[in-house]
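Asker: Take a look at this one; I'll ask things after.
The values are calculated or read from the model by the stated rules, or taken from the named source; none is laboratory data. Note that the structure is predicted; figures quoted are calculated from it, not measured. Quick reminder, even Gly has a Cβ in these numbers, built from the backbone with ideal geometry, and neighbours come from all protein chains shown. Note: areas computed on protein heavy atoms with side chains; ligands, DNA, RNA excluded. Shrake-Rupley method; radii C 1.70, N 1.55, O 1.52, S 1.80 Å.
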Amino acid sequence: MTNETTRPNVLLVVAHPDRDSATWAIGRAIEQGIETDGNATVTTHDLSRTGFDPVFGEQDLAHYRQTGAVPADVQREQRLVDSADVVAVLFPVYWWAMPALAKGWIDRVFTRGWAYDDGPDGGPSAIDQLHFVGVAAVDEGTYDRRGYRKAMTTQLQHGIAGYSRIDESSVRLLFGAETADPHVHEHLAAEGHKIGADLAQRAQLVFDRDNEA
């Protein structure tokens, strides 16, 4: 992380094409939560509107094999991540996992030698903190009965963040979003606001630690 701003910054990466969706409503609540106390800033990165290509292609494979450079569009994404103290990825849950756009962002941007080093003496990741926020259509009981929550946590927190030696990570799921009930959406927005406030506090801790070093 090479944040040179005067305030901590949270990078909120959103993978949903519809700005009127429940996912984006929660995203706006997260933004508000981050900015509530005025100490932290938020950079919202809309993967759909930026036209990010999630397909891991020949150039990506060449870099992974250490026979080519990091693709230019991936370098731009990495610079954006470098500017943040904390990274959060917000997405709707598709088939009990991240949608292709979010997974492809991880596949391409989290490159060897930058996000992770799979050698025995590998150092820490370029990313200080990585937090996942999934928006689920169904209720929490379904996730617990079927083991979906545990499966997603294993995949995201341990398989991605843990493997990358990222210091802190979390997986938070918000349930029941596929409803017309306004009270449910008010509750989801309130939960999003709390998540944003927590991300701001985490970013402050990272920012203070890095500026004391």
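Asker: Rg (Å, one decimal) plus Dmax (Å, integer) for the alpha carbons of region 38-139?
Answerer: Looking at region 38-139, its Cα Rg and Dmax stand at 14.7, 46 Å.
Asker: In Å, what is the Rg of the alpha-carbon atoms in the chain, and how long is Dmax?
Answerer: 17.0, 54
Asker: Roll a 1.4 angstrom probe over the protein heavy atoms and tell me the percent of accessible area of region 1-60 that is carbon or sulfur.
Answerer: Ligands and nucleic acids excluded, carbon and sulfur reach 43 percent.
Asker: How tilted is helix 72-82 with respect to the longest principal axis of the chain? Cα atoms for both, answer in degrees (0 to 90, nearest 10).
Answerer: 70
Asker: Taking θ = phi - 60°, what integer Hz values does the Karplus form 6.51 cos²θ - 1.76 cosθ + 1.60 yield along region 8-18, in sequence order, with x for Gly and Pro?
Answerer: So the J values, rounded to whole Hz, are x, 10, 9, 9, 9, 9, 10, 10, 7, x, 10.
Asker: Okay, next question. I'd like to check one number: the per residue accessible area of the chain, probe 1.4 Å, reported in Å² as a whole number.
Answerer: Counting only protein heavy atoms, the per-residue value for the chain is 50 Å².
Asker: Sketch the reach of a paramagnetic label on ALA151 as a point 7 Å from Cα along Cα-to-Cβ, and name the residues of region 86-130 whose backbone nitrogen lies under 13 Å away.
Answerer: Within reach of a label on ALA151: 94-98.
Asker: Next up: Roughly how many nanometres apart are two label points built 7 Å out from the Cα toward the Cβ at ALA72 and ASP167?
Answerer: Simple spin-label model gives 3.4 nm for this pair.
Asker: If you count, for each residue, the other Cβ atoms within 10 Å and average over each peptide, how do 12-19, 37-44, 142-149 line up from highest to lowest?
Answerer: Answer by packing, highest mean first, reads 12-19, 37-44, 142-149.
Asker: On to the next question. Relative contact order for the chain using alpha-carbon pairs under 8 Å, separation at least 6, rounded to a whole percent?
Answerer: For the chain, the relative contact order is 30 percent.
Asker: Using a 1.4 Å probe, how large is the accessible area of TYR94, given in Å² and rounded to the nearest 10?
Answerer: Roughly 110 Å² of TYR94 is accessible to a 1.4 Å probe.
Asker: May I pose another question? Express in nm, to one decimal, how much length is gained between ARG112 and ASP181 on full extension, taking 0.36 nm for each residue of separation and deducting their alpha carbon distance.
Answerer: Result for the pair: 20.4 nm of gain on full extension.
Asker: Hey, another quick one. Given region 88-163, what whole percent of its Cα pairs are spread farther than 15 Å?
Answerer: For region 88-163, the share of Cα pairs beyond 15 Å comes to 59 percent.
Asker: Roughly how many percent of the accessible protein surface of region 127-213 is carbon and sulfur, given a 1.4 Å probe and a whole-percent answer?
Answerer: 51
Asker: Also, I was wondering about something else. Taking a 1.4 Å probe, which of LYS150, LYS103, LYS194 shows the most accessible area, and what order do the others take after it?
Answerer: LYS150, LYS194, LYS103
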